[in-house]
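Here is the structure we will look at.
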Amino acid sequence: METAQPRHTRTPRGTLSQQLLLDTAMEIVDIGGVGGFSMRALGARLNIDPTAVYRHFRTKNELLEALADRVVRGDEPLPHTGDPRADIRETFAQLRRSLLRHPTLAPIVLRRPPGGEASWERTNHAIGLLRDAGLPDRQASDAYTTLLFYTLGHALTEARHTAATIARKGPDATVTPITAISSSASRYPHLAAVADHLAADMQAQFHDGLSLILAALAI
């Protein structure tokens, strides 16, 4: 027997906006992933003609890039405590948290070049903190890209696991830690020696890695 699709109340004329479209698109992508998103699906969810979306976003990719920029922005104010080391740590921790709140969009953020307002704002803020910490411009630039790629890579690993869990069990599922590593101690003695650490809490691993980078930068 075919399951009836939920009926959505028609969006009142004149109320369609970029904000509403992005909010609704985010709901679709959070549940079904980027592969489950289309302008037709967005129109159906809002009970509007899909062509109406193109008055606000020229293409599907443009809309997805706007979603990615929203994820980069996050919902927390950028830190300004006056302690550059603490603020640098919190800036990249914020980015990780935002990516994990929307794990299906993490690959889009990783692939897209910076260009949205939130991307520029976060980049400017982070580089400013690194310069305030005493790094010369070239080193501040290198440090920023190192911290950014570390954060994106770490978050993407976590996001893939989270997204896979949601796909299997639904959006309210509890995400379990990444499976512990089991290896032959005689064949891989070094791996076996650190296996428990490799499978430790990912948030703790992330902050431990940040500490190593910041220590190397003498910040």
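Since every read-out is calculated from the coordinates, none of them should be taken as a lab result. This is a predicted model, so every value here is computed, not measured. Quick reminder, even Gly has a Cβ in these numbers, built from the backbone with ideal geometry, and neighbours come from all protein chains shown.
With a cut-off of 15 Å between beta carbons, the residues surrounding Thr91 carry a summed charge of 0, where Lys and Arg count +1 and Asp and Glu -1.
Pulled fully out, how much extra length does the chain show between Arg160 and Val194, if you take 0.36 nm times their separation in residues and subtract their Cα-Cα distance?
This chain segment gains 9.9 nm when fully extended.
In segment 51-157, Cα pairs under 8 Å separated by at least six residues give a relative contact order of 33 percent. One chain, two ends: Asp201 and Arg40. Fully extended at 0.36 nm per residue, the span grows by 54.0 nm beyond their Cα-Cα distance. Relative to one another, the C-alpha centroids of segment 87-103 and segment 37-84 are positioned 18 Å apart.
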